[in-house]
Amino acid sequence: MPYLIAGVEDWNVAFEEAGFKNAITAKEAPSPEEDPGWSPEDARYSVIRYFASDIQNAYGPHVSDPRSGEILESDIGWYHNVMNLLRNWYFVQTAALNPEAQGVKFKDEIMGELIRFVAAHEVGHTIGLPHNFASSFAYPVDSLRSATFTKEFGTAPSIMDYARFNYIAQPEDEGVSLHPQVGPYDKFSVAWGYRPILEARTPEDEQAILDQWIVEKNGDPIYRYGRQGNSYDPSAQSEDLGDNAMKASAYGIANLKRIVPNLHEWAAEEDKPFKNYDDLEELYGQVVTQFNRYMGHVRTNVGGVYEIYRSSGQAEPVYTHADRNTQQEAVRFLNEELFKTPTWIIEEEIVARTQDFGLLERVRSLQVTSLNGLLDWGRLGRVIENQALNGKEAYTILELFEDLRKGLWTELPNGQAIDVHRRSLQRAHLARLEELLTKEAPEVPAAFRSRAGAQINAAQSDIRPVVRAELKTLQRQISAAIPRTAERISKIHLEDALERVNKVLDPK
């Protein structure tokens, strides 16, 4: 209870800057003896409702007057098992450097602080703040390794981002903060929404002053808003940190590599020598999931388009494409960290205790999800449009396909043995190329095209000619590699791959 109360009252720092002292408080519900008429259904009271449920979530809606926007009442829903979600996040993102997270059960004060963090986030919704997924992009990656910086500014300018915990910090970064707090963006938002403007005589007068406050913050990334659900903006992503996904993810992977060898020990409990391996299996799954998040953060940079809100009087673009070097760096990162088999994630001691079958499928799924995401219709369409708009400054579709091919088929020039994971990945590459050549792009509902991207006309875009040329290049390279490949299974794989390419190019 005290941690929930603290999470509510954390917002007083923002309201004080807006001119209100002790503006928000939380109290335990009165007993029937203290107040017989009190009810959580009474619209005069905003309450935190506890649900004895295994759902891993919490939420914070509000009820507002549609005529004025005034928030009338709010009820936060708090599911019991949100604590398991917090345990998993905190473990997989901080255990590499944080002894307090190196186990399956946290001290009460540690879990209490995590509960406080989530409570503060949900209270932000109740006072009118939406998620701000651009917030964490405001801070340089290496600033999140600084104790002095993170103590003053937190790990993101807004607690309303899905910034979670500081996976960038390394073991040598002593004293660094590990989670967000009510930050400068939040304080500005509360002032914008609540501070009295006494000099304004009319709503129009007030609006002009509010607009001026926003103009004064123009260009400062700390005060930028990025909407939820924008799947192509690299600077407005869920669960990410810092201003460079490749650099941030490299730090995150370094920490995952430190966690995996210790998982067996950290998932055990000294007082339960006969416990099963459920916790080990769950935490290992969290490592794989976190790794996949990093790959998603990096992938968004390819064909990425930044969305930065402007007014018509600013004479600045709202949408700009990610630059050539950033996109090329992202593909290089995926080739090195994911498409080259990430053997560090294959921990035999864990696999032997948690599953009888499925390791190959787990690795395949990780790799193919990102591969197909890279070769998504909409992403390819944005790459082509970038070149049309920006010419030689753009990362082109030809460069994307070539960089990807060189990363996926590195064994061909020297006839090297191809491991089982790579064989599966290469077949997936051929399957995706076949789909791009022979299938239609899935239809984007008209109502969503302004947000989800334009409908791609597969037959009339550059996608199919480029895919056909790519298949012909692979046809030549695989044919040349077969005679110089000595390992039997690798040779069989290449012979099969060649047959697949031939059938795609000439179905008859």
Going through segment 270-288 in order, the residues found to be touching a residue at least 12 places away in the same chain (Cβ under 8 Å) and more than 23 Å from residue 167 (Cβ to Cβ) are 277
So, first residue surrounded by 15 or more Cβ atoms within 10 Å (Cβ to Cβ) and among the acidic types (Asp, Glu) in segment 243-269, second residue modelled with pLDDT of 95 or more and not in a helix (DSSP H, G or I), Cβ within less than 6 Å, six or more apart or across chains; the pairs are 243/140
For segment 220-239, pairs from a residue that is farther than 13 Å from residue 308 by Cβ to a residue that is charged (D, E, K, R) and in a loop (DSSP other than H, G, I, E, B), with Cβ under 8 Å and 6 or more apart or across chains, are 239/164
By residue number, the members of segment 143-163 that are in a loop (DSSP other than H, G, I, E, B) and either at positive phi or in contact with a helix residue (DSSP H, G or I) (Cβ under 7 Å, 6 or more places away or on another chain) (or both) are 154, 155, 156, 157, 158, 159, 160, 161, 163
Out of all the residues in segment 81-92, is one or more in contact with a His (Cβ under 7 Å, 6 or more places away or on another chain), surrounded by 15 or more Cβ atoms within 10 Å (Cβ to Cβ) and among the hydrophobic types (A, V, I, L, M, F, W, C)? no
Residue count, segment 210-265, condition under 15 Å from residue 139 (Cβ atoms) and hydrophobic (A, V, I, L, M, F, W, C), comes to 5
Filter segment 314-352 for residues that are surrounded by fewer than 17 Cβ atoms within 10 Å (Cβ to Cβ) and small (Gly, Ala, Ser); the one that is modelled with the lowest pLDDT is 315
Just a yes or no: is a residue in segment 353-360 in contact (Cβ under 8 Å) with a residue 60 or more places away in the chain, surrounded by fewer than 19 Cβ atoms within 10 Å (Cβ to Cβ), over 22 Å from residue 293 (Cβ atoms) and in contact with a Phe, Trp or Tyr (Cβ under 7 Å, 6 or more places away or on another chain)?
yes
Within segment 370-417, restricting to residues that are touching a His at 6+ places or on another chain (Cβ under 7 Å) and under 19 Å from residue 231 (Cβ atoms), the one that is surrounded by the fewest Cβ atoms within 10 Å (Cβ to Cβ) is 371
Listed by first then second residue, the pairs whose first member lies in segment 1-28 and is more than 19 Å from residue 58 (Cα to Cα), whose partner is exposed (fewer than 14 other Cβ atoms within 10 Å of the Cβ) and not basic (Lys, Arg), with beta carbons under 7 Å and at least 6 positions apart or on separate chains, are 12/22; 19/196
Within segment 34-80, of all residues that are among the polar types (S, T, N, Q) and loosely packed, with under 13 Cβ neighbours inside 10 Å, the one nearest to residue 106 (Cα to Cα) is 39
Picked from segment 353-378 (must be among the charged types (D, E, K, R) and in contact with a Leu (Cβ under 9 Å, 6 or more places away or on another chain)), the residue modelled with the lowest pLDDT is 353
Those residues of segment 402-441 which are in a helix (DSSP H, G or I) and aliphatic (A, V, I, L, M) amount to 404, 408, 420, 425, 428, 430, 431, 433, 436, 437
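The values are calculated or read from the model by the stated rules, or taken from the named source; none is laboratory data. What you see is a predicted model; the values in this text were computed from it and never measured. Reconstructed Cβ throughout: ideal geometry from the backbone, glycine too, with neighbour counts over all protein chains shown.
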